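Input: a single structure, listed below in structure tokens.
Taken together, the values in this text are just the output of simple stated rules run on the coordinates, not laboratory data. This is a predicted model, so every value here is computed, not measured. Don't worry about glycine lacking a Cβ; one is built from the backbone with ideal geometry, like all the others, and counts go over all protein chains shown.
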Amino acid sequence: MDLELSGGGFTIVLGPNGAGKTTLLKVLHGVERVTSGSVTWSVSDKTAQQGQAYVFQSPVMLRRSVRANLAYPLQLLGLSKAEIAERVAHWGARIGLSAVLDFPAPHLSGGEQQKLALARALIRRPDTLFLDEPCANLDGRSTREIEDILCEATQSGARIIMTTHDLGQARRLADRVLFLNKGQVEEQARADTFFTAAKSSGATAFLNGDIIE
């Protein structure tokens, strides 16, 4: 795979199951290492890592309160208690969990946990945010709320690289699309071009709802 990503906004990664979408995100973020080749950033590796956040498809909660989950990444950054309290209060309100800040995070509903995981990533104000199916198994209302938060993040300058199986969501959010098939980037294009005139046979079949083997 030879791939270069630049610019801001939403890059949506599409493809059939097993195409390598999650693996690509993990390699870019450094969760998985490449056995050959390299991943290079336009800044130092340390700066790149400090400016990134990753939200898994199944949210991972610290066995602590909602407040502690939000505060933890800010404590790692060494922010003052006052700054941490201010950001936690803001994001608790933004995701509708102000009333349960002292409630154990693992006891939240699935949608609430996903919003908390997203807020915990965005509270650090990352330059690049990796999202692996952030709205999988969520109802329409929770999906809309998460999409609103993501749109605000891109408007504030964050770059989002996100996988989804929801073509409606991809059409709503994408600025650019990467289509993966069998571990390769089969097509990459502006979203308007991809969804109206995909060039590769695999992408065309995928958009038509055909089975890709």
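A few comments on the model shown:
- Hits in the stretch 67-82 - residues which are surrounded by 12 or more Cβ atoms within 10 Å (Cβ to Cβ) and part of a helix (DSSP H, G or I): 67, 68, 69, 70, 71, 72, 73, 74, 77
- Of the residues 63, 87, 67, 94, the single one that is more than 28 Å from residue 170 (Cα to Cα), among the charged types (D, E, K, R) and in contact (Cβ under 8 Å) with a residue 40 or more places away in the chain is 63.
- Every condition in (1) assigned to a helix (DSSP H, G or I); (2) more than 13 Å from the chain's Cα centre (by Cα) is met by residue 149 except one, and the failing one is (2).
- Identity of the residue in the stretch 48-66, within 19 Å of the chain's Cα centre (by Cα) and not in a loop (DSSP other than H, G, I, E, B), that ends up surrounded by the fewest Cβ atoms within 10 Å (Cβ to Cβ): 49
- In the stretch 156-189, the residues that are farther than 24 Å from residue 143 by Cβ, part of a strand (DSSP E or B) and not β-branched (Val, Ile, Thr): 181, 184, 186, 187, 188, 189
- Complete set of residues in the stretch 33-47 that are within 21 Å of the chain's Cα centre (by Cα) and either part of a loop (DSSP other than H, G, I, E, B) or closer than 20 Å to residue 162 by Cα (or both): 33, 34, 39, 40, 41, 42, 43
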